[in-house]
Amino acid sequence: MGGTGEWDPDAEDWVRWARTPGHDHYWSYRDAFFELLPPPGSRAVELGCGEGRVSRDLSARGHRVVGVDSSSALVRYAREADPAGSYVVADGAAVPCAGGSFDLAVAYNSLQVVSDMPGTVHEAARLLRRGGRLCACISHPVTDIGRFVEAGGRQVFVLRQPYFESRRVDDLVEMDGLSMRFRGWTYTLEDYFAALESAGLVVEVVREPRPGGASERLEKWRRVPLFLFLRTRKP
């Protein structure tokens, strides 16, 4: 995730944040995301694996996964939690694996975080065999450039301007006694789909998922999409 070592200073905070069951939005969206994935094949690669929770969930569903992240600290935590797994420290746009090595590439909330989003999409296409899929979850571009504000006793979602300008994200978020510094960039829908088009990937599925569960904290995300799911195929 991010540039080389960018997330290392916050690695312990991310491990606490990501490994506290039910704490963040992952737990309410992951099942819907995994439903979009093809059946387990020969090999899968996760680009931006962080401390490894998505890779571990993929493995539990029968996928043989190689996790890739630019943070050596996060990869160390991933290996400690999954000694039998395979994890590599590398930039998402320069993975040290042969082209055509994988039938599935997963980028779960990492394309908006990597230092080179179009380059990472191209690298995913290179790593895939023909007929292989790239499945991604991204922060929904609409939500990514807006925020909820109190108005008339209810929360109203407001977009900022301009939409078309890519901006650096560097936010400290505190929730239920845990804090985490999130970094990345905002992108438009066109930015993402232009990267997929340039990489020669064909879009098969687009979803704007609603959160699962009955948490009141998630109620607002049933009115506004928090994430965007994509499944693409290498012809």
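Quick note: the coordinates plus some simple rules give every number you see, no bench work behind them. Since the structure is predicted, the reported quantities are computational estimates derived from the model, not experimental observations. Don't worry about glycine lacking a Cβ; one is built from the backbone with ideal geometry, like all the others, and counts go over all protein chains shown.
Structure summary
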{"quantity": "Inter-centroid distance (Cα atoms) of the stretch 86-136 relative to the stretch 183-235, Å", "calculated": "17"}
{"quantity": "Packing-based order for 51-61, 222-232, 82-92, using average beta carbon neighbours within 10 Å, highest first", "calculated": "51-61, 222-232, 82-92"}
{"quantity": "Per-selection metrics, the chain (Cα): Rg and Dmax in Å", "calculated": "17.1, 56"}
{"quantity": "Isotropically averaged projected area of the stretch 104-173, using the convex hull of Cα atoms (one quarter of hull area), nm²", "calculated": "6.5"}
